[in-house]
Amino acid sequence: MENVKDFISNWIPINLVEKENEIYFEWIYFSDIPFSEPFFEETIVKCRSHSYNSKRFRLVSTAENIIEWSKELDFVELKGLVFHVSRCGSTMLSQSLATSSENIMVSEAPIIDQILRSDAFNEDTKTVLLKSVLRFLGQKRFPDQKHLIIKLDAWSIFKASYLRSVFSEIPFALLYRNPGEVLRSHQKMAGMHMVPNIIPSSVFGITSKEIEELSFYEYQALVLEKYFQSFLDFYETDQNVIMLNYNDGMKKVIERFITFINVCFSEKEINAMLERLKKHSKNESAVFTGDSYKDDVLAVNLAQLNVLHEKLNANFIEDLAG
């Protein structure tokens with residue numbers, strides 16, 4: 001194909017489809033729409049109104065197409081991966097970073113999770129495919145863009161060791177929060193990973209028998225335990241990882257993350273990032289008024305979670321001292 005670069009410009013693969021023994025990828029045209037929404041899928045919704053995306057037919061391709069076409073792209077450097085336990089300030093972190101025109105801030109792109117959890121590819125092909133997809137996500141579509149930062153889904157922590165084998169030099173950040181506050185938020189409105197069987201329990205290392213023996217709130221607590229333990233396990237074995245604690249204040253979270261990924265922003269850009277903290281993470285038109293919670297309303301035993309949380313805090317303090 002001639003002029004492949006022109007053909008794929010502003011097109012990004014967004015969905016892995018495995019159907020009737022066929023595997024293909026769905027694409028969407030992004031035009032000049034930046035990744036500025038709190039979540040990747042919200043940006044996709046905005047893109048669907050473009051004439052290229054409102055046609056009856058969809059652009060699809062093979063994995064091989066993605067791998068080959070990605071070689072023609074101009075793309076920015078991946079600067080960091082953000083892992084989180086959910087409801088811990090990760091959306092606020094990503095929204096603050098997105099204020100800089102130098103950053104391509106991708107927040108929970110489903111295609112990354114789909115590739116990570118797919119059994120359709122051997123590990124070598126999956127690795128090349130994942131890197132190729134990140135090239136498309138990090139496609140340099142605007143002149144100022146220099147850095148790609150990826151916020152993963154919360155359950156991607158269980159793939160951290162594999163991701164480290166793929167991105168051996170990339171800084172990994174682990175963002176966490178007081179467990180009572182995380183669980184209280186999910187009790188008000190549960191994320192899909194906190195509802196049994198929406199995401200297979202095996203992803204979290206939870207058996208079907210365990211689910212039967214747990215109440216709804218106990219299941220949520222167990223998922224959070226799995227996140228905390230995986231944070232601890234990865235931190236113990238990796239040399240290029242940092243603990244970030246929501247309860248230390250989001251201003252410090254942002255400042256420490258920027259320092260950790262070794263990116264220099266202007267004072268104006270830093271101020272814009274910090275100014276974003278005054279607004280709600282998922283609704284920039286609303287003022288953020290705080291979301292503190294108390295453990296005594298949880299109706300679930302936090303003993304094990306509190307033990308793990310103290311270990312996370314110990315590692316966090318170690319990071320501060322280091």
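Values quoted throughout were computed directly from the atomic coordinates according to the rules given, and no laboratory measurement underlies them. Being a predicted model, the structure only gives us computed values, none of them experimental. Here the Cβ positions follow ideal geometry from the backbone for every residue, glycine too, while neighbour counts run over all protein chains shown.
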> Using a Gaussian network model of the chain with C-alpha springs under 10 Å, which one of Ile270, Ile258, Ile23 is most mobile by mean-square fluctuation?
Replying inline: Ile23
>> Using amide H atoms built in the peptide plane, which far-off residues or other-chain residues are under 5 Å from Asn15 H to H?
In response: Glu26
> For the chain, what proportion of DSSP beta bridges, expressed in % and rounded to the nearest 5, is antiparallel?
Replying inline: 40 percent
> Pick from Ser36, Ser201, Ser156: which is most flexible by mean-square fluctuation in a GNM of the chain where alpha carbon atoms under 10 Å apart are linked?
Replying inline: Ser201
> Which of the aspartates and glutamates could a cross-linker span from Lys19 if the Cα-Cα distance has to be under 18 Å and same-chain partners fewer than 8 positions apart are dropped?
Replying inline: Glu64, Asp113, Asp119
>> Test of the criteria: in segment 80-189, which chymotrypsin sites (Phe, Trp or Tyr not before Pro) are in a DSSP loop and have at most 16 other Cβ atoms within 10 angstrom of their Cβ?
In response: Phe121
> Which cross-chain or sequence-distant (5 or more) residues have an amide H under 5 Å from the amide H of Leu175, H modelled 1.01 Å from N in plane?
Replying inline: Phe83, His84, Val85, Leu244
> Roughly how many whole Å is it from the C-alpha centroid of segment 201-276 to that of segment 75-107?
Replying inline: 13 Å
> On a 0 to 90 degree scale, rounded to 10, what angle separates helix 123-137 from the longest Cα axis of the chain?
Replying inline: 80 degrees
> Can you pull the percent of Cα pairs in segment 55-141 with separation above 20 Å?
Replying inline: 45 percent
>> Among the listed pairs Lys252/Lys279; Lys46/Lys151; Lys55/Lys131, which have their C-alpha atoms separated by more than 24 angstrom in this model?
In response: Lys55/Lys131
>> Between Asn245, Asn306, Asn103, where does the largest GNM mean-square fluctuation fall for the chain, given springs only between Cα atoms within less than 10 Å?
In response: Asn306
>> Could you work out [θ]222 nm for the chain from helices alone, using -39500 (n - 2.57) per DSSP H run of at least four and dividing by all its residues? Round to the nearest 500 deg cm²/dmol.
In response: -12500 deg cm²/dmol
> Which ³J(HN,Hα) values in Hz, rounded to whole numbers, follow from the phi angles of segment 37-49 under the Karplus curve 6.51 cos²θ - 1.76 cosθ + 1.60, where θ = phi - 60° and Gly and Pro get x?
Replying inline: 6, x, 10, 3, 5, 5, 5, 4, 4, 5, 5, 5, 7
